[in-house]
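Here, each number is a calculation from the coordinates, and none is a lab measurement. Just so we're clear, the structure is a prediction, and the values are computed from it rather than from any experiment. Heads up, the Cβs are rebuilt from the backbone with ideal geometry, glycines too, and the neighbour counts pull from every protein chain shown.
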Amino acid sequence: MFLQIAIASEKAVEAAASGGIGAIGIDLRSLIFQIINFAILLLLLKKFAYKPILDVLENRHKKVEESLKNAKEIEHLKSSLENEKDTILKNAHSKAQGILEQSKKQAIEVLATAEQKAIERDKQLLVAAHARINNESEQVRKSLLGEVASFISKTTEKVLNQKLDSSTDHTIIKEAIAETQKNISQ
Amino acid sequence: MKRFSRKQLAVATLALLEKHSLKEVLPVLAEAIIKEKRTNEVEVITREIGNQLLQKKGQLTGTIETVFPLTEKLNEEIEHLLKNITEAKSIHLKHIINKKLVGGFKVETPTIEIDASLARPLHQLNSIA
């Protein structure tokens, strides 16, 4: 191909030298060679320099974009996590508050129940103590009454046995007859 | 053998007493009671005889207990009282001196019992103990 271009340029140079551009002082051959050189340089640069650089740039651009995308995703994820964390914390706080409230309520109920039970037990103990005291005092009263009655009975019997004479006894009998008669009449 | 009722025994005893003396009747009655194995009913049978005696003949029999012997007047008053109560025509009381009565009197007949002794309230008082 270069050979064909060189032959063509040689033909062009010959044609130019015979007139036209050569007439204005431009070396057509040199110009063609420079164009060819430039083209070759351009091709070489395009093939070995521009493309790798562009590829590198493109890759870097892609990486940067990817990084930015990742960063955005991370940011989004972070925000989402933050939200989730807030929600979890809020829920946990709410649950903890609920548990605390319930615990307080239960504690109050337990205390109230225990207090009520204690009051009931105290009442029962009081009633039992009253009953026991009443029972004991009743027993003491009966015992005392019995002792007093026994004492009076024995003493009266002794006194009457010693002091009661026939005359007094007859008076008592008369009164008893009158009393019985009165009861019959009624 | 047919078992007699207490009332039948009492009526039969009274019928026998109209014709025979007490000394003759008593062994017959005792034999009948022993034969019928009713010795534990002696007291009740005796009371029934007294009751029948009161119903059929108007005679009231029983005992009177006092601490001291009774005067005639008091005895009459007590008999009068018993006549008023039982409507008996005649009263036959066996007098017993009983110092345990302390004072007053106690009458026991088949139909009534009057305890006007001083021992009774004393026993009642004592029973509280």
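What to note about this one:
- Rounded to the nearest 20 debye, the dipole size of chain A about its Cα centre is 380 debye, using +1 on the Cβ of Lys and Arg and -1 on the Cβ of Asp and Glu.
- Over the range A:2-163, the pair-distance histogram of Cα-Cα distances with 5 Å bins from zero comes to 2, 6, 5, 5, 4, 4, 4, 4, 4, 4, 3, 3, 3, 3, 3, 3, 3, 3, 3, 3, 2, 2, 2, 2, 2, 2, 2, 2, 2, 2, 1, 1, 1, 1, 1, 1, 1, 1, 0, 0, 0 percent, rounded to whole numbers.
- Between the Cα long axis of helix A:51-163 and the first principal axis of chain A there is an angle of about 0°, rounded to the nearest 10.
- Packing-based ranking, highest mean first, of A:163-171, B:7-15 given that Cβ atoms within 10 Å are counted: B:7-15, A:163-171
- For chain B, the 222 nm mean residue ellipticity estimated from helices alone, with every DSSP H stretch of n ≥ 4 adding -39500 (n - 2.57) and the total spread over all residues, rounds to -17000 deg cm²/dmol.
- Shielding of A:173-181 by partner chains, average beta-carbon count, 10 Å: 6
- Neighbour net charge for A:GLN97 - beta-carbon separation under 13 angstrom, K R +1, D E -1: +3
- Percent of alpha-carbon pairs separated by more than 26 Å within the protein assembly as shown: 78 percent
- Unsatisfied cross-links (Cα-Cα over 19 Å) in the set A:LYS158/B:LYS94; A:LYS174/B:LYS83; B:LYS2/B:LYS35; A:LYS182/B:LYS100: A:LYS158/B:LYS94; A:LYS182/B:LYS100
- Computed E for A:ASP27/A:PHE48 - FRET, C-beta separation, R0 30 angstrom, nearest 0.05: 0.50
- Inter-chain Cβ neighbour average for residues A:152-164, partner chain, 10 Å: 4
- Ranked by the mean number of other Cβ atoms within 10 Å per residue, highest first, peptides B:59-69, A:94-104 order as B:59-69, A:94-104.
- When shorter helices are ignored and each DSSP H run of at least 4 residues is given -39500 (n - 2.57), the per-residue value for chain A at 222 nm works out to -33000 deg cm²/dmol.
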